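First comes the structure, then the notes that go with it.
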Amino acid sequence: MSRKEPQSGEGELQELVFPVDELIQAREASGRTQEDVAQELRLSMRYIQALETAEFDALPSMVFARGYIQSYTKLLGLDADRYLAILMN
């Protein structure tokens, strides 16, 4: 569920990939490890790893995935709405 392929105006398929690299870079720029984020958000390490690899099927449900993404992006000062829109496309 990490990728979607919406059609462009010209009928070509474009891939929209969840920007995990941005999450990882923002986390590293903040000086946090995955363990730090897991502790701050009170989530298991496997959930943080799932978010950073866009393996949303490893999370309890998409409702939880949306909440975790919102919390994670907010912690890092990223635009949660943008990430959630990409997730839901």
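The values are calculated or read from the model by the stated rules, or taken from the named source; none is laboratory data. Not measured: the values here are computed from a predicted model. As a convention, Cβ positions derive from the backbone with ideal geometry for all residues, glycine included, and neighbour counts pool all protein chains shown.
Remark: pairs (first residue in region 75-89, touching a residue at least 40 places away in the same chain (Cβ under 8 Å); second residue of a type in the set (Ser, Thr, Tyr); Cβ separation under 8 Å; 6+ apart in sequence or on different chains) = 76/30; 77/30; 83/73. Within this structure, residue 75 fails the test of being modelled with pLDDT under 95, surrounded by 12 or more Cβ atoms within 10 Å (Cβ to Cβ) and not in a strand (DSSP E or B). Filtering region 78-89 to residues that are part of a helix (DSSP H, G or I), surrounded by 11 or more Cβ atoms within 10 Å (Cβ to Cβ) and hydrophobic (A, V, I, L, M, F, W, C) leaves 80, 84, 85, 86, 87. The number of residues in region 38-64 being closer than 17 Å to residue 83 by Cα, surrounded by 13 or more Cβ atoms within 10 Å (Cβ to Cβ) and not hydroxyl-bearing (Ser, Thr, Tyr) comes to 11.
Scanning region 61-74 for residues that are charged (D, E, K, R) and free of Cβ contacts under 8 Å to residues at least 12 places away in the same chain yields a total of 1. Among the residues of region 35-72 satisfying the criterion of being part of a loop (DSSP other than H, G, I, E, B) and over 15 Å from residue 20 (Cα atoms), which is nearest to the chain's Cα centre (by Cα)? Per the criteria, the residue is 59. Just to verify a result, which residue in region 2-44, among those that are more than 23 Å from residue 76 (Cα to Cα) and out of contact with any Leu (no Cβ under 7 Å at 6 or more places or on another chain), is modelled with the highest pLDDT? Checked region 2-44; the qualifying residue modelled with the highest pLDDT is 15.
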